[in-house]
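Note sheet for the following structure.
The values are calculated or read from the model by the stated rules, or taken from the named source; none is laboratory data. A quick note: this is a predicted structure, and the numbers were derived from the prediction, not measured. Don't worry about glycine lacking a Cβ; one is built from the backbone with ideal geometry, like all the others, and counts go over all protein chains shown. Heads up: the accessible areas ignore ligands, DNA and RNA and are worked out on the full protein's heavy atoms, side chains in. Shrake-Rupley method; radii C 1.70, N 1.55, O 1.52, S 1.80 Å.
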Amino acid sequence: MSSKNDSESPYKVRAFKSIGFKLVLIITVLVILSLGSLTFVVSYFSSNDVRVTTEENNLTINTRSAATVENEIDTVRSSVSLLMDLLSNASSNPAYAHQASALYFERNQHTAAIIVTGETPSRFDRKLINTRFFVSNELEVSCVDTFLEQKKSELLEAAKGQTMILNAAPVFNLPVLVFLYPWAENGIEQTLAIFFSAENMTEVLGSGTTNQSFIVNHENDLLIHSDFSMVKACANFSSNPLIQEMRNNNDTNRQILYTDPEDGRKYFGAYRKLSVADLGIFTIVPYDIVLEPVFSTIYRNVFLTLIVLFLAILFIWFYSKTISNPLRILTKAVTNIKQGKFQEALEYQIKKVKENEIGVLNNGVKDMSKALITFSKFTNKTIAFKAINGDMQLGGETREATIFFSDIRSFTAISEKLTPAEVVDFLNVYMTRMVDCVNKTNGNVDKFIGDAIMALWGVPNSSGSAKQDALNAVRAALMMRHSLHEFNEGRGGDKKPIIRIGCGINSGPVVAGQMGSTERMEYTCIGDAVNFASRTEALNKPLHTDILITENTYELIKEYVIVEQQPSVTVKGKEKPVKLFAVVNMPDATDIPGAGAKGPKTMAEVRDFLGIDPPEMAKVDLNAEEKKYKIQ
């Protein structure tokens, strides 16, 4: 074999373009994608499961803690109130009163003192001291006076009606709370102050392993915490995002993931706002501690992925040699062919040809070399193909249609009292009923606009005539009236409000077809008839009706419906006033519940059926509802 200068070969393969390198790269990508994706999926679902479990557990602990605290406070208040009532009734019998208070303190040893202020915070009309509490805790009774002297303003506020719980730990050097609430006796505004130990509640709130619960009062001052030094220092948590969330939201309980600005750590936090003294019960658990097992699993999986990747690279690298070495020989043969050295090309052949693609390639190069010796020139021609793509064309056509709009009355006020999930659930049930009415009458729901529905009759398919399409639209509206009545049965209150709707129907020419852009389009219709239908729907509210049709629609179906004409309305953009008609009934209908021969005969009956008050037309100001209208 003659010597060759391989470095001058035009077919020399660069290292990063070699088959060995590409195989290693492919296997690396596959290993990373497979094991990485598996690690990601497992970690993702594991972290989600851990998170859901943690949030449920955290919320459960918070709920249980809140119930315990609220029960403890209610117990203290009710027992003390009972004692005070007994003492008031026994004012003429000092011995009985003394015996009653002694018995109370014997059975309620956690109560330190009960104070009833007089006309001024410094005057006490009644002062009951649990001597055993102070002796057992090595405290001076003067702690009570010291605390009350410091909280004169709070005593005055409590006498005026505000209930609050204050932290007395800085004075008592023990977890002691003071419950202040107004107390009326002999017609005098007084404050009842109950000093009681919070050790029982502290133990309950601190019973979790990783979860930590604490309580703040109306001023966001810390009342109970596992770290007593914070309670003793009377720490204020107003800057805590969890406390801010509770104060900013008008709800009683919630759970969020937040970052503490002081230590920068993430926490799962749950809170419950008590009705007593504006207290907040909070339970938190560190995010990193909860997900520590997941992170450990991720680290192990990453380490395992690196080991597998390293072994795979070694295997592929050595395996690629069995492919790259024969191909390198064939590359030299091709180089000689390129240079016109056909005979030399025959010398670069694989000695041991295997029955695989490389063997076939080797035999092909060998045959080609022999052929090229005979033929002096070989031309390889390539054939190119051109692809034809079809573009969707935009366009439309003028059609006669009946357009329907409906809208829920006071939807914004209703939705503000519901959670997002409740709003969606309620709308889904409502929309299902309304859409069923449209479908039963051969209509087409064009779109949902929030709580509003736009439906079409006559496009894209007609029932046969403009009259039939208009009649079907009104039939659908009457079906909605009865379906909504069924929907409202058993409803009432903030969470299940009574729903009322307004329907506007107009008939006329529209432009219907595919509209939009070359990248996004939809089938719909536009035109003045559509706008007029939408405006007609809005007039239901001031006119105290539920179904309004325009004169255009009425002229098509007047022999089939009972209506009551409403005051004419001037619509912006139209020179003459337009007539509107409130639909009462279709007396000949047999397939519409609530309609037909037994249906209502007047609009008064309809309003009575729907629970709608008749309008006072003298006070109706449509301009206040929709600036496009004025009443004639």
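Show the residue pairs meeting these rules: Cβ distance below 7 Å; 6+ apart or different chains; first residue within the stretch 596-609 and under 18 Å from Arg475 (Cα atoms); second residue assigned to a helix (DSSP H, G or I) and open to solvent by less than 80 Å² (accessible area, probe 1.4 Å).
Pro600/Val606
Identify, by number, the condition in (1) under 22 Å from Met617 (Cβ atoms); (2) touching a Ser or Thr at 6+ places or on another chain (Cβ under 8 Å) that His544 doesn't meet.
Answer for His544: the failing condition is (2).
Could you list, ordered by first residue, the pairs with Cβ atoms under 6 Å in which the first is in the stretch 395-417 and without any contact (Cβ under 8 Å) to a residue 60 or more places away in the chain and the second is open to solvent by less than 30 Å² (accessible area, probe 1.4 Å), at least 6 apart or interchain?
Phe411/Asp451; Ser415/Val423
Please indicate, with yes or no, whether at least one residue in the stretch 494-508 is touching a helix residue (DSSP H, G or I) at 6+ places or on another chain (Cβ under 9 Å), under 28 Å from Lys579 (Cβ atoms) and either among the polar types (S, T, N, Q) or part of a helix (DSSP H, G or I) (or both). It would help to see each step written out before you state the result.
From the stretch 494-508, those touching a helix residue (DSSP H, G or I) at 6+ places or on another chain (Cβ under 9 Å) are 494-508; that's our starting set.
From what's left, under 28 Å from Lys579 (Cβ atoms): 500-508.
Those left that are additionally either among the polar types (S, T, N, Q) or part of a helix (DSSP H, G or I) (or both): 506-507.
Yes: the stretch 494-508 contains one or more residues that are touching a helix residue (DSSP H, G or I) at 6+ places or on another chain (Cβ under 9 Å), under 28 Å from Lys579 (Cβ atoms) and either among the polar types (S, T, N, Q) or part of a helix (DSSP H, G or I) (or both).
Against the definition (at pLDDT 80 or above, open to solvent by 50 Å² or more (accessible area, probe 1.4 Å) and within 32 Å of the chain's Cα centre (by Cα)), how does Tyr287 come out, yes or no?
Answer is yes for this residue.
Scan the stretch 44-57 for residues that are out of contact with any helix residue (DSSP H, G or I) (no Cβ under 9 Å at 6 or more places or on another chain) and either closer than 28 Å to Glu199 by Cβ or of a type in the set (Gly, Ala, Ser) (or both) and jot them down.
Asn57
Return the residue satisfying two criteria in turn: it lies in the stretch 194-233 and is without any contact (Cβ under 8 Å) to a residue 60 or more places away in the chain and charged (D, E, K, R), and of such residues it is most open to solvent (accessible area, probe 1.4 Å).
This residue is Glu203.
Ile256: at pLDDT 75 or above, surrounded by 18 or more Cβ atoms within 10 Å (Cβ to Cβ) and under 19 Å from Asn220 (Cα atoms), yes or no?
Here the answer is no, as Ile256 does not meet what is asked.
Might you let me know whether the stretch 199-208 holds any residue that is modelled with pLDDT under 90, closer than 28 Å to Ile129 by Cβ and of a type in the set (S, T, N, Q)?
First, pick out the residues of the stretch 199-208 that are modelled with pLDDT under 90: 199-208.
From the residues that got through so far, the ones that are closer than 28 Å to Ile129 by Cβ too are 199-205.
Add one more test, that the residue is of a type in the set (S, T, N, Q), and what stays is 200, 202.
Yes; the residues of the stretch 199-208 include at least one that is modelled with pLDDT under 90, closer than 28 Å to Ile129 by Cβ and of a type in the set (S, T, N, Q).
Which one of Ala473, Ala529 is among the hydrophobic types (A, V, I, L, M, F, W, C), in contact with a Phe, Trp or Tyr (Cβ under 6 Å, 6 or more places away or on another chain), in contact (Cβ under 8 Å) with a residue 24 or more places away in the chain and buried (at least 18 other Cβ atoms within 10 Å of the Cβ)?
Ala473
Where in the stretch 535-632 are the strands (runs of 3 or more DSSP E), entirely inside, with at least 3 residues that are at pLDDT 85 or above and open to solvent by less than 70 Å² (accessible area, probe 1.4 Å)?
Numbers: elements: 547-550, 562-565, 569-571, 580-585, 629-631.
Hits in the stretch 535-632: 547-550, 562-565, 580-585.
Condition test on Leu180, is it touching an Asp or Glu at 6+ places or on another chain (Cβ under 8 Å), open to solvent by less than 10 Å² (accessible area, probe 1.4 Å) and either among the polar types (S, T, N, Q) or closer than 19 Å to Phe105 by Cα (or both)?
Here the answer is yes, as Leu180 does meet what is asked.
Looking only at the stretch 412-432, which residues are surrounded by fewer than 17 Cβ atoms within 10 Å (Cβ to Cβ) and β-branched (Val, Ile, Thr)?
Hits for the stretch 412-432 are Thr412, Thr419, Val423, Val424, Val429, Thr432.
Give the stretch 259-284 a look and list any residue that's open to solvent by 30 Å² or more (accessible area, probe 1.4 Å), over 29 Å from Arg77 (Cα atoms) and in a strand (DSSP E or B), or say none.
Thr259, Lys266, listed by residue number.
Test Gly161 against the stated conditions and say whether it is farther than 18 Å from Ile129 by Cα, modelled with pLDDT under 85 and not aromatic (Phe, Trp, Tyr).
Considered against the rule, which asks whether it is farther than 18 Å from Ile129 by Cα, modelled with pLDDT under 85 and not aromatic (Phe, Trp, Tyr), Gly161 comes out as no.
Do we find a residue being at pLDDT 90 or above and farther than 24 Å from Gly527 by Cα anywhere in the stretch 463-479?
Yes, there is a match, as at least one residue in the stretch 463-479 is at pLDDT 90 or above and farther than 24 Å from Gly527 by Cα.
What about Met480, is it touching a residue at least 12 places away in the same chain (Cβ under 8 Å), in a strand (DSSP E or B), open to solvent by less than 20 Å² (accessible area, probe 1.4 Å) and under 21 Å from Ala582 (Cβ atoms)?
So Met480 fails the test.
Which residues, counting only those in the stretch 65-83, are surrounded by 18 or more Cβ atoms within 10 Å (Cβ to Cβ) and farther than 30 Å from Phe282 by Cβ?
The answer is Leu83, and nothing else.
So which residues in the stretch 405-426 are under 20 Å from Ile547 (Cα atoms) and within 20 Å of the chain's Cα centre (by Cα), if there are any at all?
Phe411, the sole residue that qualifies.
Can you tell me which residue in the stretch 418-447 is modelled with the highest pLDDT, limited to those that are within 17 Å of Thr402 (Cα to Cα) and outside any helix (DSSP H, G or I)?
Across the stretch 418-447, the extreme among qualifying residues is Thr441.
Just a yes or no: is a residue in the stretch 483-502 closer than 16 Å to Trp457 by Cα, in contact with a strand residue (DSSP E or B) (Cβ under 9 Å, 6 or more places away or on another chain) and open to solvent by 70 Å² or more (accessible area, probe 1.4 Å)?
No, that holds for no residue.
On the basis of being assigned to a helix (DSSP H, G or I), buried (at least 21 other Cβ atoms within 10 Å of the Cβ) and modelled with pLDDT of 90 or more, does Leu456 make the cut?
no
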